[in-house]
Structure formats: C-alpha cells, structure tokens
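The values are calculated or read from the model by the stated rules, or taken from the named source; none is laboratory data. This one's a predicted model, so the numbers in the text were calculated from it and none came from an experiment. Positions of Cβ are generated from backbone atoms using ideal geometry, with glycine treated the same way; all protein chains shown enter the neighbour counts. We work out accessible area using only protein heavy atoms, side chains counted, and drop any ligands, DNA or RNA first. Shrake-Rupley method; radii C 1.70, N 1.55, O 1.52, S 1.80 Å.
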Amino acid sequence: MSEILESLRNQGEYVDEHLYPLSCKLKRNQQAAVEAVIKLAGNKTNAVRLLIDLGWEALENDGVFDEVIQAKSDIEECLFLNEENL
C-alpha cells in the first residue's frame, strides 16, 4: 500500500501549514477522480491534495524523473525560506 494512503488511514486530516491557492479547469475524467476520492479524503480540497500526493509518489517511485524530483526539492526549499521571511 502507498505510504500516503497508509498515513491517510492512520491520521485522517492533513497537517496545517502555509497553503497556496490553486485554481484549474479539469477534464471530465479528472473531475470524476476528484469526486470519487472525496469520500476517502473528506472534502474536495483534501481529495485534490491526495491525488497530487499520490501522483508525486508515483513519479518518485518511477526512478526516471530525477531532474523533476530535484526541481521540486529546490522549489520547496525556496518556498520554505520565503515563508520564514514573512
């Protein structure tokens, strides 16, 4: 089982931290995926977060996307530093 799904079973809610707004248009199959996951995640916001986390976990586990994984790490560090300076 995915580490993310396992932690969701054990914790329930996401830990509060600095949140960034996101707005996007979804295709029918993407909207259906979000709505299907709402029951598992509790609400639409958590459903989208869960799907993003699961997708990212799949990228990390694939082993082919090292440059993308490093870019995310670099961006995450910059965002953290910016939050510290707020």
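Before moving on, here are some points about what is shown:
- Surface analysis of the chain yields an accessible area of 84 Å² per residue, using protein heavy atoms and a 1.4 Å probe.
- At full extension, residue 68 and residue 18 could sit 15.8 nm farther apart than now, given 0.36 nm per residue minus the alpha carbon distance.
- Whole-Hz Karplus values for the stretch 37-43 come out as 7, 3, 4, 6, 8, x, 7 Hz, taken residue by residue from phi with 6.51 cos²θ - 1.76 cosθ + 1.60 and θ = phi - 60°; glycine and proline positions read x.
- In straight-distance terms, cross-link reach from residue 72 covers every one of the aspartates and glutamates whose alpha-carbon lies under 17 Å from its own, apart from those fewer than eight places away in the same chain; here that gives 53, 57, 60, 62, 83.
- Between the listed residues 54, 18, 31, the Cα displaced farthest toward the positive end of the dipole of the chain, a dipole computed from Cβ unit charges relative to the Cα centre, is found at 31.
- Residues residue 56 and residue 82, FRET efficiency given R0 of 25 Å [Cβ-Cβ distance, rounded to 0.05]: 0.75
- Surface composition of the chain: carbon plus sulfur atoms contribute 54% of the solvent-accessible area (1.4 Å probe, protein chains only, all chains present).
- Value of [θ]222 nm, deg cm²/dmol, for the chain, DSSP H segments ≥ 4, -39500 (n - 2.57) each, nearest 500: -23500 deg cm²/dmol
- Cα Rg over Rh - the chain, Kirkwood: 0.98
- Exposed trypsin sites (Lys or Arg not before Pro) absent: longest stretch of the chain, with sites in DSSP loops and at most 16 other Cβ within 10 Å deemed exposed: 28-86
- Computed extension gain for residue 5 through residue 43, at 0.36 nm per residue and net of the alpha carbon distance, reaches 12.1 nm.
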